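Let me begin by presenting the structure, written as structure tokens, before commenting on it.
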Amino acid sequence: MLDHLIKGATVVDGTGAPARAADVGIRDGRIVRVEPSVAEDSRTTEQAQGLVLAPGFVDPHTHYDAQLFWDPYATPSLNHGVTTVVGGNCGFTLAPLHPARPEDADYTRRMMAKVEGMSLVALEQGAPWSWHSFGEYLDALEGRVAVNAGFMVGHCALRRYVMGADAVGGQPSADQLARMVALAHEAMDAGAWGLSTTQSSTHADGDGEPVASRHARPEELLALARAVGEHEGTQVEAIVAGCLDRFRDDEVELLVELSAAAGRPLNWNVLTVDAAVPERVPRQLLPGERARKAGGRVVALTMPILTPMNMSLGTFCALHLIPGWGEVLGLPVPERVARLRDPAVRAELLRRATSEEAGVFRRLARFDRYVVGDTYSAANAGLTGRVVGDIAAERGQEPFACLVDICANDELRTVLWPMPTDNDPASWALRAETWRHEDVLLGGSDAGAHLDRMCGAPYTTRFLGDCLRGRRLVGLEQAVKMLTDDPARLFGLRDRGRIAEGHHADLVLFDPETVAAGTATLVHDLPGASPRLDSKAIGVRAVWVNGTAVIRDDVVTGAKPGTVLRSGRDTRTVATR
């Protein structure tokens, strides 16, 4: 007898094959029947005529490492059909923690709050912090999650464990490097998917200092990469400064060498596609081309949607990452307002924001294209939803000066929404072309991070809706493959990513006429009533993880059938040679 039978669905199996009508039978968490008609008895049955049944989506870049403790459903990703998440990215993980230094947990919480925009209160109240080793961290999640979740081990945590406070600014001795490598081996033995690291100039810890892995020299990085290559089913994930715009020559070589040394795929985040900068895409795909010749593989993650970003001059956001801006925006509010009102200061900030050094953040300098969101003063009544450029024209002001005045009236609490500068037909055509490249993978949501500033988790349903009823840049079958089988193959997931007999029953059932993502709205449902952006899933009828329904019409069922996916056991090696 089957546990569950889904009848009459339009099955899009993840391979890119044409959609077909079929019944799908599930038993013991696996897909056991995929046939035009299944007559076998089943404990439960549902009719799915007119609906699309696809494999559960795989999100290759999230930061759900902490959130899963207070939100085992990884919302809103699960609502939008994501059944497998990859965490531990960008060099940041919550483990290992040195047992003799309890202060390391506090350092880690403050770092995650700063660098990944997580709520410090939620981190303090929502996770148990009961682990020391990486394996103990994985064990703490085992049996309590509704999604499948795999984790890289973060370079910053390895460095901090071995070097203590010297991890920031210091270089390891030969003995310390050996201990770091041994600790990485221990983490991968316990199931870490490999190593993640960052050299990005935007990544600073809670003290405002460059995070630990940014101080690592190439020989340290290569030693850790070689350790990755000694374990089954592992990967490398690396961020360098050039990920934000264009790689330097030495960064290209570093990515190639890391992948070749590990003999494993390396992915980086995130490739920004903009027709106004046509030279960016070929430059950013150069590491993949060179890696093939060196025995490696380098894959760029890119988002298939434009993710709305919530900005503010009052709290940490992407504006702080523009060179020179953090020094001003980090001042106490009264002093910050005074500096921002100074025409000379504004002129210098604008110069820095439009300079070559600002990289991809140059797009944030079009202040005439910002939309005013929530306001908090009588002086700003009626401005919500209006474009700053229009308000500035009415007032006879330069747009940035106008924006500063609006925000100052609210003591810098004003919410701002920058309109994308790359939402033009040429940029979308270039994206569609880029998605077809062998070294490009869809993903990079950052779900679980930057919680009150952006909401990338719904990229799956928004992309599908666009493919079915919007720009239609990709057909349905190919779109589903990009969200399922492609990431599953890159990470070597065993028996996931396709609707096939014998595969795990990770499935999403949606209405092709309505599937979409709702507008991102601010909710206060984190521990300590901290805020985050959420987005409703539209047209998603049901989501199954390992054969158990976890979502019904955008509502969690309460079941927690997810698996903590461990390298080797749940992933196989994806060779690069």
Solvent-accessible area of E103, probe 1.4 Å, all protein chains present, reported in Å² to the nearest ten, please. 100 Å²
What does the convex hull of the Cα atoms come to per residue for the chain, in Å³? 143 Å³
Using amide H atoms built 1.01 Å from N in the peptide plane, name the residues 5+ places from R27, or on other chains, whose amide H lies under 5 Å from its own. D3, V32
Roughly how many nanometres apart are two label points built 7 Å out from the Cα toward the Cβ at S201 and A378? 4.6 nm
Listed residue (V564, S530, G470) projecting farthest to the positive dipole end of the stretch 419-577, Cβ model: V564
The stretch 70-228 pair-distance distribution - Cα-Cα, 5 Å bins, rounded %: 2, 9, 19, 23, 22, 15, 7, 3, 1, 0
Looking only at lysines whose Cα falls under 27 Å of K7's and that sit 8 or more positions away or on another chain, we get K481, K536, K560
Count the DSSP beta bridges whose two residues both fall in the chain, then state the antiparallel fraction as a percent rounded to the nearest 5. 55 percent
Separation of alpha-carbon centers, the stretch 1-50 and the stretch 509-533, rounded to whole Å: 29 Å
If one computes the Cα centroid of the stretch 86-102 and of the stretch 336-361, what distance in Å separates the two points? 35 Å
Can you work out the Karplus-derived ³J(HN,Hα) for every residue in the stretch 351-368? Use 6.51 cos²θ - 1.76 cosθ + 1.60 with θ = phi - 60°, whole Hz, and x for glycine or proline. 4, 5, 6, 9, 7, 4, 5, 6, x, 5, 6, 4, 5, 7, 7, 8, 5, 5
Residue by residue through the stretch 334-345, the couplings from Karplus 6.51 cos²θ - 1.76 cosθ + 1.60 with θ = phi - 60°, in Hz, x for Gly and Pro, are x, 5, 4, 4, 4, 5, 5, 6, 6, x, 5, 5
Per residue value of the accessible surface for the chain (all protein chains in place, 1.4 Å probe), Å²: 35 Å²
Y161 accessible area, assembled protein chains, probe 1.4 Å, Å²: 50 Å²
How much accessible surface does E357 have with a 1.4 Å probe, in Å² rounded to 10? 100 Å²
Pull out the extension gain between V555 and R30, defined as 0.36 nm times the separation in residues minus the alpha carbon to alpha carbon distance; nm, one decimal. 186.7 nm
Report the convex hull volume per residue for the stretch 143-204, counting only C-alpha atoms, in Å³. 120 Å³
How do H98, H437 stack up against each other in accessible area, from largest to smallest, with a 1.4 angstrom probe? H437, H98
Computed Kirkwood radius, in angstrom, where 1/r is averaged over Cα pairs of the stretch 280-412: 16.9 Å
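How big is the shadow of the Cα convex hull of the stretch 420-504, averaged over all directions, in nm²?
The orientation-averaged projected area of the Cα hull of the stretch 420-504 comes to 7.0 nm².
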Inter-label distance, nm, simple model (7 Å from Cα along the C-beta direction), E232/E289: 3.8 nm
If you place +1 on the Cβ of every Lys and Arg, -1 on the Cβ of every Asp and Glu, and leave all else neutral, what size is the dipole of the chain about its Cα centre, to the nearest 20 Debye? 720 debye
If you average the C-alpha positions of the stretch 116-158 and of the stretch 447-472 separately, how far apart do those two centres end up, in angstrom? 25 Å
Set the Förster radius R0 to 56 Å, insert the Cβ-Cβ distance between A275 and W70 as r into 1/(1 + (r/R0)^6), and round the FRET efficiency to 0.05. 0.85
For the stretch 110-207, whose charge dipole is built from +1 on Lys and Arg Cβ atoms and -1 on Asp and Glu Cβ atoms, the candidate among S196, L158, A113 with its Cα farthest towards the positive end is A113
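Which value results for Rg/Rh of the stretch 150-279 when Rg is the Cα radius of gyration and Rh the Kirkwood radius based on the inverse mean 1/r? Walk me through the numbers before you get to the answer.
Working: Rg = 14.7 Å, Rh = 15.1 Å.
Dividing the radius of gyration by the Kirkwood radius yields 0.98.
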A 1.4 Å probe over the protein heavy atoms gives the stretch 405-479 a carbon and sulfur accessible-area percentage of 47 percent
Could you check the simple spin-label distance between E356 and H437, using points 7 Å along Cα→Cβ, in nm with one decimal? 2.1 nm
Between G444 and residues 5 or more places away or on another chain, the pairs with built amide H atoms under 5 Å apart involve H61
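The values are calculated or read from the model by the stated rules, or taken from the named source; none is laboratory data. What you see is a predicted model; the values in this text were computed from it and never measured. For neighbour counting, all protein chains shown are included, and Cβ atoms are generated from backbone atoms with ideal geometry for every residue, glycine included. Side chains included, ligands, DNA and RNA excluded: accessible areas come from the protein's heavy atoms. Shrake-Rupley method; radii C 1.70, N 1.55, O 1.52, S 1.80 Å.
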